[in-house]
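Beneath this line is the structure, given in structure tokens, with notes to follow.
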Amino acid sequence: MTVIPSVLITGASTGIGAAYAERFARRGHDLVLVARNTARMEALADRLRQETGVAIDIIQADLTRPGDLAAVETRLRDDVRIGVLVNNAGTAIGGSFIEQSTDDVARLVALNTTAPLRLASAIAPRLAETGEGAIVNIGSVVGLAPEFGMSVYGATKAFVLFLSQGLSLELGPKGVYVQAVLPATTRTEIWDHVGAEVDTMTGVMEVGDLVDAALVGFDRREAVTIPPLPDAGQWDALEAARQAMLPNYRNARPAERYRTGA
Ligand SMILES: NC(=O)C1=CN([C@@H]2O[C@H](COP(=O)(O)OP(=O)(O)OC[C@H]3O[C@@H](n4cnc5c(N)ncnc54)[C@H](OP(=O)(O)O)[C@@H]3O)[C@@H](O)[C@H]2O)C=CC1
Ligand SMILES: N[C@@H](C=O)C(=O)O
């Protein structure tokens, strides 16, 4: 009988993470929920236990605090029931780069990049050893859009995308599926932290629709899932153009346009 793996979801107290918790619980997966707000996670867990019968553990953790993060890493290393990691926890901050404090941008990087990196690093060797499992990393279309004016946030999401693509190439042959999910504007509380009013925005995706679409990509074992993008061919073309450049980097001399004639 196939054992259904447990799913550890970070940022599971609300928003996209809470929606993932509901969807995976309905699929019969036991859950480990990780966030700072215990009350919210307990309420969600109580409801899902009643509705689905799955077992749900809760880990209260601030993933910007090394000690808290280490506890989640240990759970991922040691709990062989966990076969899926959803690196979802993340936030955004408002203001321009020169308006953002150095501490605030450092904290943003800690949550949006260091935490998912360390958690992926914690679980990947065990999954590769068993030859199965999945790591889902929640990026953002903003990681492809410096024009959107969220430079540090976008940089963290570009990191998530690159890491996901690299790990997909490294771990895919070992049986481990790695998915990058790139939402666009989705109706969650994140916008409160940005100081924006999501209800005044257009083209806002509902969180259930976002996660349902992301799970279609998950079930198809898609490497990069971009639920809001109507034409997948645009992403394919971007990737093809990027890959076409790869062989052209290896040159002993600077490109003609950079030669000073000296
Ligand atoms: N909503 C959107 O428009 C988009 C969101 N995304 C990404 O989706 C992911 C989820 O965001 P979303 O659901 O929108 O945001 P929400 O703010 O609704 O949820 C964020 C989740 O992360 C948790 N979290 C925040 N800070 C910490 C922390 N320091 N330690 C542990 N957990 C933390 C929160 O729980 P708690 O406060 O209890 O700790 C919460 O469960 C993020 O990575 C975000 O960048 C990407 C593109 C678009
Ligand atoms: N989380 C959103 C920005 O704040 C996004 O990624 O679009």
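Of note:
- Residue within region 209-228 that is open to solvent by 90 Å² or more (accessible area, probe 1.4 Å) and hydrophobic (A, V, I, L, M, F, W, C) present: no
- Test: ILE58 is more than 22 Å from GLY139 (Cβ to Cβ), open to solvent by 20 Å² or more (accessible area, probe 1.4 Å), part of a loop (DSSP other than H, G, I, E, B) and more than 16 Å from ligand 2 (Cβ to nearest atom): no
- Residue within region 225-237 that is in a loop (DSSP other than H, G, I, E, B), in contact (Cβ under 8 Å) with a residue 40 or more places away in the chain and β-branched (Val, Ile, Thr) present: yes
- Going through (1) touching an Asp or Glu at 6+ places or on another chain (Cβ under 8 Å); (2) under 17 Å from ALA134 (Cα atoms); (3) part of a helix (DSSP H, G or I) one by one, LEU33 falls short only on (3).
- Condition check for ARG107 on (1) outside any loop (DSSP other than H, G, I, E, B); (2) within 16 Å of ligand 2 (Cβ to nearest atom); (3) open to solvent by less than 40 Å² (accessible area, probe 1.4 Å); (4) not hydrophobic (A, V, I, L, M, F, W, C): one failure, at (3).
- The set of residues in region 71-88 being open to solvent by less than 40 Å² (accessible area, probe 1.4 Å), outside any strand (DSSP E or B) and aliphatic (A, V, I, L, M) consists of VAL72, LEU76.
The values are calculated or read from the model by the stated rules, or taken from the named source; none is laboratory data. Keep in mind that what you see is a predicted model, and the values were worked out from it rather than measured. So basically every Cβ, Gly included, is an ideal-geometry build from the backbone, and we count neighbours across all protein chains shown. Remember, those area values only see protein heavy atoms, side chains included, never the ligands or the DNA or RNA. Shrake-Rupley method; radii C 1.70, N 1.55, O 1.52, S 1.80 Å.
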